[in-house]
1. Examine region 104-127 for a residue that is more than 26 Å from the chain's Cα centre (by Cα) and of a type in the set (Val, Ile, Thr), and state whether such a residue exists.
2. Residues being within 29 Å of the chain's Cα centre (by Cα) and of a type in the set (S, T, N, Q): count how many of those fall in region 76-103.
3. Quick check: anything in region 43-51 without any contact (Cβ under 8 Å) to a residue 40 or more places away in the chain, loosely packed, with under 10 Cβ neighbours inside 10 Å and out of contact with any Pro (no Cβ under 7 Å at 6 or more places or on another chain)?
4. Being of a type outside the set (Ser, Thr, Tyr), under 18 Å from residue 35 (Cα atoms) and not in a loop (DSSP other than H, G, I, E, B) is the filter here, so list the residues in region 110-149 that pass it.
5. Looking only at region 110-142, count how many residues are free of Cβ contacts under 8 Å to residues at least 60 places away in the same chain, of a type outside the set (Ser, Thr, Tyr) and out of contact with any Gly (no Cβ under 8 Å at 6 or more places or on another chain).
6. Being of a type in the set (Val, Ile, Thr) and surrounded by 11 or more Cβ atoms within 10 Å (Cβ to Cβ) is the filter here; which residues of region 126-149 pass it?
7. I need the full set of residues from region 56-75 which are under 41 Å from the mean Cα position of the chain (by Cα) and among the polar types (S, T, N, Q), in order please.
8. On the basis of being loosely packed, with under 10 Cβ neighbours inside 10 Å and at pLDDT 90 or above, does residue 61 make the cut?
Amino acid sequence: MKKLLPLVMLLMAAPAHADLITKHSTSVQLTVDAAASQATRLGSSYSVSGSNVSATLGGLTAPASATAAATMNSGTYSQTTDGSAFSFTETFNQGDAIPTGTTVTSGVASSLPAFGSVTTTSGGVAGALGGSLDSAGTMSLTAGGAGTSATGQFVAEITIR
């Protein structure tokens, strides 16, 4: 009987219970960039510097409208001491005016003019861009042309309660 006691005790033990939950998720995202341009309207600027120069300074004349650019108002300059060394620099950069026919609403131009600073990117080319998933969760990604991206993700979640 003593020999059967451990076997009886083993049979009397309560069975272990555990909930095991697994979740699997696979996804593929393919992106082809669109063509885009960004333009920055540059303002007018004026500067003058010198030594041994008498001046009635010039400057900028305010634009006639919100779509115009400021213009230069010329100054008058002369050498202070005849025969002496002098230096003089006057610089004017005319800013961008919004072309006639372009409407501006709340600071946004209706079409993209060729302003002083323009960055343009071409659109992507899908080429061989591709991605696939099968029922076993196997993922395949194929590179495309310039301006494309392919992203694949596999997530496995295991929960034991």
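1. no
2. 4
3. Checked against the condition, which is being without any contact (Cβ under 8 Å) to a residue 40 or more places away in the chain, loosely packed, with under 10 Cβ neighbours inside 10 Å and out of contact with any Pro (no Cβ under 7 Å at 6 or more places or on another chain), region 43-51 yields no hits at all.
4. Within region 110-149, 118 is the sole residue that qualifies.
5. 2
6. Matches in region 126-149: 142, 148.
7. Scanning region 56-75 gives 61, 65, 67, 71, 73, 74.
8. no
The values are calculated or read from the model by the stated rules, or taken from the named source; none is laboratory data. Keep in mind it's a predicted model, so treat the numbers as computed, not measured. Glycine gets a Cβ as well: all are built from the backbone with ideal geometry, and neighbour counts include every protein chain shown.
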